[in-house]
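Coordinate-derived values only; no laboratory data. These numbers come from a predicted model, not from an experiment. Counting neighbours? That spans all protein chains shown, and the Cβs are built from the backbone with ideal geometry, glycine included.
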Amino acid sequence: MRAPVRKMGNSSGVIIPKPLLAQIGVKAGDDLDMALEQDRIVLSLVKRHPRAGWSKAAKKIASSGDDALVWPEFGNTDDATLRW
């Protein structure tokens with residue numbers, strides 16, 4: 001498959017057809033690593049940890065005071081006598 005190099009602002013780029021992106025599991029907005037290997041440009045999907053950013057987001061929510069329970073907590077009748 002051939003694709004022309006196009007002018008994009010001060011840079012140049014290549015439009016990657018959607019079927020090729022789908023084959024490797026990439027969609028618009030995903031981050032890619034770019035490398036030169038043996039005179040070839042190699043693009044690979046950046047592997048992110050599934051919970052990346054959760055800690056920072058949780059701290060932000062807590063600091064803004066928006067971390068109240070959505071449903072009020074309710075106990076069971078035997079909670080007072082429960083022993084661990």
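Out of the trypsin sites (Lys or Arg not before Pro) in the chain, which ones are loop residues according to DSSP with at most 10 other C-beta atoms within 10 Å?
Qualifying residues, ordered by number: Arg2, Lys27, Lys47, Arg48, Arg51, Arg83.
When only the Cβ of Lys, Arg, Asp and Glu is charged (+1, +1, -1, -1), the dipole of segment 34-84 relative to its Cα centre reaches about 320 debye. Geometric descriptor of the chain, per residue, is 263 Å³ (volume of the convex hull of the Cα atoms).
Distance from the C-alpha centroid of segment 52-74 to that of segment 15-29: 35 Å, rounded to the whole angstrom. To test your reading of the geometry: what angle, between 0 and 90 degrees and rounded to tens, separates the Cα axis of helix 54-63 from the longest principal axis of the chain? Taking the Cα atoms of the chain, the angle to 54-63 is about 50 degrees.
For segment 11-83, averaging the sequence separation of C-alpha pairs within contact (under 8 Å, six or more residues apart) and dividing by the residue count gives a relative contact order of 15 percent.
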